1. For the chain, what does the accessible surface come to per residue with a 1.4 Å probe? Please give it in Å².
2. Can you show me the helix-derived [θ] at 222 nm for the chain, built from DSSP H runs with n ≥ 4 at -39,500 (n - 2.57) apiece and divided by the number of residues, rounded to the nearest 500.
3. Holding the Cα-Cα limit at 28 Å, pick out from LYS40/LYS120; LYS23/LYS94; LYS9/LYS120; LYS77/LYS99 the pairs that are longer than that.
4. Calculate one ³J(HN,Hα) per residue across the stretch 61-73 by plugging θ = phi - 60° into the Karplus curve 6.51 cos²θ - 1.76 cosθ + 1.60, and present them in order as whole Hz with x for glycine and proline.
5. With a Förster radius of 22 Å, plug the Cβ-Cβ distance of TRP53 and SER13 into 1/(1 + (r/R0)^6) and report the FRET value to the nearest 0.05.
6. Give me the accessible area of ILE21, 1.4 Å probe, in Å² rounded to the nearest 10.
7. Normalised by the residues of the chain, what does the relative contact order come to in percent, with Cα pairs under 8 Å and at least six apart?
8. So how far apart, in nm, are the two label points at ARG41 and GLU20 if each is 7 Å from Cα heading toward Cβ?
Amino acid sequence: MSKLEVANKVLASFSYAQFEIRKNGAYVYWQGHDGERVTKRWQCRGQDFYPVWHHSYPGGGTSSTALSQLIRWVQGKPVLPISTWRYWASNTCKLVPPKFVDELLAGGYPEHVDCVLCHKQIEGSLDWWSCNGVTGPCCGWTSGCRQKENKDANSN
Ligand SMILES: [Zn+2]
């Protein structure tokens, strides 16, 4: 299975939507209330987790965030690690059945990810960076490259 096939299989476990990649980006589609196929170009403003048309997306915020990670993964962009999916599969979230998280992993979804700022593997807490065109996971405030920044801020 290709990454796209794996991603859409996982997506189908928690959303009515599917997506495809075209030359100019990702397109998400689903069947609307009137039975017509709704197709929308994946485009985010500010946040990377919600499309500009998130009010018409047939799912909630977590579903949209999860979809954003699937699209980014297929496009080869930095994503949240599999531990985030394990959280989404946990009893706290119950967004996605656990077996689909295993399918993602088997399909090559990263278990560990590098920080988009220091490019080292993120250990411990993580955050999401989105600034000046750089988007992806980054070290959290309590560990890694931003820890020093945090200490400096405290010493002022
Ligand atoms: Zn870092």
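1. The answer is 57 Å² per residue.
2. Using -39500 (n - 2.57) per qualifying helix, the result is -10000 deg cm²/dmol.
3. Checking Cα-Cα distances, LYS40/LYS120; LYS23/LYS94; LYS9/LYS120 exceed 28 Å.
4. x, 5, 4, 5, 5, 4, 4, 4, 6, 5, 4, 4, 4
5. Efficiency at R0 = 22 Å is approximately 0.50.
6. 70 Å²
7. Relative contact order, the chain: 17 percent.
8. 1.6 nm
The values are calculated or read from the model by the stated rules, or taken from the named source; none is laboratory data. Quick caveat, the model's predicted, so the values are computed rather than measured. So basically every Cβ, Gly included, is an ideal-geometry build from the backbone, and we count neighbours across all protein chains shown. Remember, those area values only see protein heavy atoms, side chains included, never the ligands or the DNA or RNA. Shrake-Rupley method; radii C 1.70, N 1.55, O 1.52, S 1.80 Å.
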